[in-house]
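The values are calculated or read from the model by the stated rules, or taken from the named source; none is laboratory data. Remember, it's a predicted structure, so these values are computed and weren't measured experimentally. Every residue, glycine as well, gets a Cβ built from its backbone with ideal geometry; the counts of neighbours run over all protein chains shown. Heads up: the accessible areas ignore ligands, DNA and RNA and are worked out on the full protein's heavy atoms, side chains in. Shrake-Rupley method; radii C 1.70, N 1.55, O 1.52, S 1.80 Å.
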Amino acid sequence: MRPQKLFFTIIIAVIVALPANAGFLSFPLLPGEPMIRVGLMTNVASVTITTPDTQLVARSPDEPERFLATNRVTVSARAYRPDQIEQYIFEIQNIASSAEADEIAKDVREATGETAIASIDTATNTWRVWIGEPLDSKEEADAFKVKLAENGFPDVAVRTEKRTVVSPDAVALSQQVRTAGRSQVRSLIRPTGSSAPTAASADDIVPGLREVIVNGASEEAKYGSLKAVSFGSFDEQANPVRLNGKAYRGKIEVFVNARGSLTVVNVVPLEEYLLGVVPSELSLPALEAQKAQAVAARTYAVANINGFATQGFDVRPDVWSQVYKGVSIETAMGTRAVRETAGMIATHGGKPIMAYYTSTCGGRTEHSENVFDHGEPYLRGVECSLEGRRHFEPFMLRTARVPAKLRDEANLELVRLMSMLAVNGFSLTANQMSDEWFEDPPTAGEISNWMNNLAGRFGKTFPNVTANMAKPVELAALLSSFIYTPGAPDTLMSDSDVNYHLAFDDAGEIPLNRRAEIAMLMRDGYFTLRPDLTLQPNRPFSRGKMLRLIRQVLEKQKWMPQLQSGTTRPSADGKLVLRVGRTDRPLAVRPDVFLFRQFGADMYPVKEAALVGGEEVRYQTDASGAVWYLEIIPTTTPTVAENASPFTNWRETLSAGAVQQRLSRYVRGIGTLYDVNVKTRGYSRRATEIEIIGSNGVKTLKGGRIRSALRLREQLFVIDKRYSGDRVTSYTFTGRGWGHGVGMCQYGAFGLAKMGVKFDDIIRHYYTGVEVTKAY
């Protein structure tokens, strides 16, 4: 069971007792799950607190719960107003002398047993005798007057007097304010020990005290208090309380601050707080990444208890601490991540670390001292990727085929051609293509298969083929019968035309009955010569020559296989994943896929290739839809784990005036800005010091102030300058990443999780030398 009624006496008391720079807690020291105080608002005049439950329940230190009999209240602050009470005072007036007054006082004491004191009335210069203690009600006063008359004093006068009564809460709050040092809390957060009025005077009270004013529809919901007031639902788990319509787990506490306005704090168990942090900080759909975020966020919260102690809370709900959006942001995956890592934090040397994290680190994180001016052994710069090949292993596609072994660069395109033809029915007999294989003539079986494929496309009967069919003189007749109308070459080509197109060195060796066919095939670009300007009509074409010829036929007939294209997402489970609109389309890849990857300008056959996402691909599938042929054009975007981030690369151009205006808020006395240069860079190549050259000399700016001053997404950048004469007119910052760049990279964690890395290893990757510890 979580402690709910003790948070005022324990947690809030710690805020006053500990300084703002209280050190880390040593472990194991947490007896259970701590409460976290989130400063939702720090300067508001009023707030509305509601619940979907039957009624709100209010609590203050040292007081029983108040059931407010309403599910909506407005809370504001006003100046403290001490109670004014009317008292009845009894006296015998207009006594002539002191002696007579003393005598009457003595008689009263003896007759009634009440106190009686003689004193002078300066207004009338006569004496009077005060009898008994002042009474608070008319009924008591009338009865006391009758009693005095019965005892022989019928002439007693009853005088009324207004009296200011200071509450013990006001006295206690004044004492708290006097002793609280720099604390800005101006509501009582410690028990007073009494609720009875006190005789303290106004001089005992600190000026300017203000009350928390609660105002609701019921009488129970109309009151003021000098104490902090927390509001919860009758059933907090089922019906979280709402602040200005927004639901939060735990309780909403309201107190007065040093400005006289209200501070509003969500007091919530740490695990429930994380339900509103994890999806706010990292909503990317990878459970292990969200679990790493849960550990980092939990660690940060524990390490920052009392982080804003002087203001009365631990953390803020924004980027100055951790983004926290309450119940509305909660997700099933985020909740699961919190539950499955319950109580786990990152520690170094037995203490919780300062678990900084950043959205997009730009490929490398940075040493903390280069950004925040304080070094931590666990906040070291690291690569946002796994080591070596291990980083690409989850994205790897592989083929059982043996890549071609080539020396002749010209044969690269033949490997692609043969591979493409092979997936379209053309026979490939080699286990491994090579220069020698392309230089040799095709076998009779290969020629038969290749020509039958062409015959089928032309709608011709399959020819009878022998090994001699590879000779140009034999091949010309067959191709002419496929391509041209019977008799067309001889009919349509004159002797002059034939001689014109056969004007090469060994044209005389072509038989007369084949000259017109070969001339027309030459004219139409199907046949080509050898490098020595000969055809060698009786020498068989090599496989390479035959394949180029087949390509010519297919291209001219517009029968060349058309490849599909797309842009990849990171491959998973050996599948090609394509981005189609806003969805991912996975495609199975055959074990014997023809696999090509571009290096430089050329495609090379490869045994394996990693698809990290962003690659352009061309591919063909088999009848079952599996990829059989695949060409990969590498991505130009970063390949680190964070590459899913939209902030991996950025560019911003600023005029010289805009740069000077921004820098001047952080660096005084620049004068006229002449130039800005990066002076030093850190481990990650971030700018860790810049040089600012102005008319008043050279100044520098260091660390995270560089990013803040220039208002850039990151300080991992290079600078390009545009000049007019010798003056810089504009600066273009080309950079990577978004955030301060220290600690865990959130998009990197997502990438590592997609690669199969578990949450604790993600934590250890980004935080050097830490352990994941069960703190409670």
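In the set (1) farther than 28 Å from S385 by Cα; (2) outside any loop (DSSP other than H, G, I, E, B); (3) out of contact with any Lys or Arg (no Cβ under 6 Å at 6 or more places or on another chain); (4) hydroxyl-bearing (S, T, Y), the condition left unmet by T310 is number (3).
The residue pairs whose first member lies in segment 610-622 and is at negative phi, whose second member is in a loop (DSSP other than H, G, I, E, B) and open to solvent by less than 10 Å² (accessible area, probe 1.4 Å), and whose beta carbons are closer than 8 Å, counting only pairs six or more residues apart or on different chains, are V617/L611.
Quick one: in segment 679-694, which of the residues that are of a type in the set (S, T, N, Q) and under 22 Å from R651 (Cβ atoms) is surrounded by the fewest Cβ atoms within 10 Å (Cβ to Cβ)?
Residues of segment 679-694 that are of a type in the set (S, T, N, Q), as a first pass: 680, 684, 688.
With under 22 Å from R651 (Cβ atoms) added as a condition, the list becomes 684, 688.
On the way: S684: 26, T688: 22.
Ranking the candidates gives T688 first.
In the set (1) part of a strand (DSSP E or B); (2) open to solvent by 50 Å² or more (accessible area, probe 1.4 Å), the condition left unmet by Q87 is number (2). Output the number of residues of segment 653-678 satisfying the condition of being surrounded by 15 or more Cβ atoms within 10 Å (Cβ to Cβ), outside any helix (DSSP H, G or I) and not aromatic (F, W, Y). Total satisfying the criteria: 7.
Among the residues of segment 483-527, those that are of a type in the set (A, V, I, L, M, F, W, C) and either touching a residue at least 60 places away in the same chain (Cβ under 8 Å) or surrounded by fewer than 13 Cβ atoms within 10 Å (Cβ to Cβ) (or both) comprise I483, L492, A503, L512.
Pick out the one residue from V589, V577, V593 that is at pLDDT 95 or above, of a type in the set (A, V, I, L, M), in contact with a Leu (Cβ under 6 Å, 6 or more places away or on another chain) and open to solvent by less than 20 Å² (accessible area, probe 1.4 Å).
On the way: V589 fails: open to solvent by less than 20 Å² (accessible area, probe 1.4 Å); V577 fails: in contact with a Leu (Cβ under 6 Å, 6 or more places away or on another chain).
It is V593.
Scanning for something surrounded by fewer than 24 Cβ atoms within 10 Å (Cβ to Cβ), free of Cβ contacts under 8 Å to residues at least 12 places away in the same chain and under 26 Å from V772 (Cβ atoms), does segment 299-319 turn up at least one residue? The answer is yes; a qualifying residue exists. Scanning segment 381-401 for residues that are in contact with a His (Cβ under 6 Å, 6 or more places away or on another chain) and either modelled with pLDDT of 95 or more or not in a loop (DSSP other than H, G, I, E, B) (or both) yields one hit, G381.
Quick one: in segment 367-386, which of the residues that are of a type in the set (S, T, N, Q) and out of contact with any Ser or Thr (no Cβ under 6 Å at 6 or more places or on another chain) is least open to solvent (accessible area, probe 1.4 Å)? Walk me through how you get there before you give the answer.
Narrowing segment 367-386 to residues of a type in the set (S, T, N, Q): 368, 370, 385.
Filter again for out of contact with any Ser or Thr (no Cβ under 6 Å at 6 or more places or on another chain), leaving 368, 385.
Numbers: S368: 0, S385: 23 Å².
Checked segment 367-386; the qualifying residue least open to solvent (accessible area, probe 1.4 Å) is S368.
I need the helices (runs of 4 or more DSSP H) fully contained in segment 402-476, keeping only those with at least 2 residues that are in contact with a Pro (Cβ under 8 Å, 6 or more places away or on another chain). Talk me through it step by step, then tell me what you get.
Details: elements: 412-422, 435-439, 444-458.
Once the helices (runs of 4 or more DSSP H) in segment 402-476 are filtered for at least 2 residues that are in contact with a Pro (Cβ under 8 Å, 6 or more places away or on another chain), what remains is 412-422, 444-458.
Quick grid of which residues meet (1) open to solvent by 10 Å² or more (accessible area, probe 1.4 Å); (2) out of contact with any helix residue (DSSP H, G or I) (no Cβ under 6 Å at 6 or more places or on another chain):
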{"residue": "E220", "(1), (2)": "yes, yes"}
{"residue": "S230", "(1), (2)": "no, yes"}
{"residue": "F234", "(1), (2)": "yes, yes"}
{"residue": "Q237", "(1), (2)": "yes, yes"}
{"residue": "V241", "(1), (2)": "no, yes"}
{"residue": "K246", "(1), (2)": "yes, no"}
{"residue": "R249", "(1), (2)": "yes, no"}
{"residue": "V256", "(1), (2)": "no, yes"}
{"residue": "V264", "(1), (2)": "no, yes"}
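Inside segment 33-62, residues that are open to solvent by less than 30 Å² (accessible area, probe 1.4 Å), of a type outside the set (S, T, N, Q) and in a loop (DSSP other than H, G, I, E, B) make up a count of 3. Residues that are open to solvent by 10 Å² or more (accessible area, probe 1.4 Å) and under 15 Å from the mean Cα position of the chain (by Cα) were ranked within segment 334-366; the one that is farthest from F647 (Cα to Cα) is Y356.
Quick check on segment 418-426. Is at least one of its residues out of contact with any His (no Cβ under 6 Å at 6 or more places or on another chain) and either closer than 30 Å to C745 by Cα or aromatic (F, W, Y) (or both)? Looking for residues that are out of contact with any His (no Cβ under 6 Å at 6 or more places or on another chain) and either closer than 30 Å to C745 by Cα or aromatic (F, W, Y) (or both), one finds at least one in segment 418-426, hence yes.
Is one or more of the residues making up segment 444-454 loosely packed, with under 15 Cβ neighbours inside 10 Å and within 60 Å of the chain's Cα centre (by Cα)?
The initial filter retains those residues of segment 444-454 that are loosely packed, with under 15 Cβ neighbours inside 10 Å, namely 444-445.
Restricting the remaining residues to those that are within 60 Å of the chain's Cα centre (by Cα) gives none.
So far as segment 444-454 goes, no, none of its residues is loosely packed, with under 15 Cβ neighbours inside 10 Å and within 60 Å of the chain's Cα centre (by Cα).
Restricting the first member to segment 695-717 and to residues that are closer than 17 Å to W650 by Cα, and the second to residues that are in a helix (DSSP H, G or I) and β-branched (V, I, T), the beta-carbon pairs closer than 7 Å and six or more apart or on different chains are Q715/I706.
Would you point out which residue out of A656, A641, A709 is under 30 Å from R389 (Cα atoms) and either in contact with a strand residue (DSSP E or B) (Cβ under 7 Å, 6 or more places away or on another chain) or modelled with pLDDT under 95 (or both)?
Criteria check complete, one pass: A641.
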